[in-house]
Amino acid sequence: MEKEIYALLNQQINKEFQSAYIYLDFYNFFEEKSLDGFSKWYKDQANEEIGHAWRFITYLHDRDQPIKLTPIEHDSQNYSSVKEILDKGLEHEQYISNCIRAIYAQADATKDFETMNFLNYFLSEQIEEEVNARNLIAKYNFVGETGVLAMNGLLQNSKDHEG
Ligand SMILES: [Fe+2]
Ligand SMILES: [Fe+2]
């Protein structure tokens with residue numbers, strides 16, 4: 001495998017675990033406030049991110065590449081509002097979408113067709129992730145900070161989905 005693609009794919013393992021940490025941090029915020037619909041939602045998101053990490057790990061093994069684990073950068077934050085969390089969630093997913101595009105561009109430039117094919121899943125997945133994040137913001141904009149209980153009720157019924 002070409003060096004730069006390998007480096008990017010290996011880094012993406014860390015970024016997916018970092019995404020899981022960010023969602024875990026969100027989960028803790030809501031769990032502490034007994035907003036169990038939100039906490040369920042972010043627990044599902046965190047687990048989904050670990051699923052994403054596994055996809056990269058498995059792909060690198062399948063391509064006979066070594067896995068190099070690095071520290072996960074994310075400390076617990078003091079979030080001041082639900083809105084801040086929703087905005088940070090969308091911002092992070094947009095960042096991850098750009099990471100996936102950068103790996104895809106490198107795979108394309110070096111004719112790594114297998115990696116392009118592997119990444120197709122993530123191109124679609126990132127659209128879904130951004131849609132989910134934007135939908136939460138749209139709902140929030142409708143109800144405001146005092147309407148989070150109503151949103152919490154909606155999220156209690158959210159479906160589990162695997163990533
Ligand atoms: Fe992810
Ligand atoms: Fe994500």
Determine, yes or no, whether Tyr121 is more than 16 Å from ligand 1 (Cβ to nearest atom) and of a type in the set (Phe, Trp, Tyr). no
The number of residues in region 54-76 that are over 19 Å from Gln12 (Cβ atoms) and touching a helix residue (DSSP H, G or I) at 6+ places or on another chain (Cβ under 6 Å) is 1
Close pairs (7 angstrom Cβ cut-off, 6 or more residues apart or separate chains): of a type in the set (A, V, I, L, M) in region 7-36, outside any helix (DSSP H, G or I) anywhere: Ile13/Ile67; Ile22/His74
Flag for Glu91 being within 16 Å of ligand 2 (Cβ to nearest atom), crowded, with 18+ Cβ neighbours inside 10 Å and closer than 25 Å to Asn152 by Cβ: no
Scan region 50-81 for residues that are buried (at least 19 other Cβ atoms within 10 Å of the Cβ) and in contact with a Gly (Cβ under 7 Å, 6 or more places away or on another chain) and jot them down. His52
When you look at Glu129, is it among the acidic types (Asp, Glu), surrounded by 11 or more Cβ atoms within 10 Å (Cβ to Cβ) and out of contact with any helix residue (DSSP H, G or I) (no Cβ under 7 Å at 6 or more places or on another chain), yes or no? no
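Bear in mind that the values in this text are calculations on the coordinates, not laboratory data. No experiment lies behind these values; they were computed from the predicted model shown. In this analysis, Cβ positions are derived from the backbone assuming ideal geometry, glycine residues included, and neighbour counts consider all displayed protein chains.
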